[in-house]
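Right, one structure below, let's go through it.
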Amino acid sequence: MYAILVDGRLIRAPKMLDVGDSHVYNPNDAQLRAAGYKPVINTDPPGEPPEGWEYVPSWEDQGENIVQTWTLQELPPEEPSAEELLEILLGEGGEDA
């Protein structure tokens with residue numbers, strides 16, 4: 001797969017490319033490179049993240065290629081369920097109070 005990076009977002013190469021005055025369907029590697037697209041190298045996460053954390057993918061232009069990288073990011077705290085919120089609002093014992 002070929003793509004470009006725009007503000008950190010991966011944009012895939014189109015199936016049709018304008019080359020000069022013509023449209024090229026299914027452009028070859030040389031045409032894609034000439035238009036600024038680069039091969040994309042997908043990678044695996046570096047392992048199992050610690051509890052409460054996750055690996056988030058991102059992309060890095062490394063000259064000839066765009067390489068998938070991984071950043072360890074803390075998970076946001078869990079939102080309480082509707083039942084838990086009701087228990088908090090009503091206090092312990094809930095309906096019996």
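Side notes on the structure shown:
- Any chance residue 5 is surrounded by 12 or more Cβ atoms within 10 Å (Cβ to Cβ), in contact with a helix residue (DSSP H, G or I) (Cβ under 8 Å, 6 or more places away or on another chain) and either at pLDDT 95 or above or not charged (D, E, K, R) (or both): no
- Flag: residue 40 matches the condition of being in contact (Cβ under 8 Å) with a residue 24 or more places away in the chain and surrounded by 10 or more Cβ atoms within 10 Å (Cβ to Cβ).
- Test result for residue 56, surrounded by 14 or more Cβ atoms within 10 Å (Cβ to Cβ) and not in a loop (DSSP other than H, G, I, E, B): no
- Restricting the range 66-75 to residues that are surrounded by fewer than 12 Cβ atoms within 10 Å (Cβ to Cβ) and of a type outside the set (A, V, I, L, M), the residue that is nearest to residue 30 (Cα to Cα): 71
- Any chance residue 29 is touching a residue at least 12 places away in the same chain (Cβ under 8 Å), among the acidic types (Asp, Glu) and loosely packed, with under 14 Cβ neighbours inside 10 Å: yes
- A single entry from 40, 56 fulfils the requirement of being β-branched (Val, Ile, Thr), within 20 Å of residue 14 (Cα to Cα) and within 20 Å of the chain's Cα centre (by Cα): 40.
- Of the residues 49, 14, the single one that is surrounded by 13 or more Cβ atoms within 10 Å (Cβ to Cβ), of a type outside the set (Phe, Trp, Tyr) and over 18 Å from the mean Cα position of the chain (by Cα) is 14.
The values are calculated or read from the model by the stated rules, or taken from the named source; none is laboratory data. If you're wondering where the values come from, they're calculated on a predicted model, not measured in any experiment. Note that each Cβ is placed from the backbone with ideal geometry, even for glycine, and that neighbours are counted across all protein chains shown.
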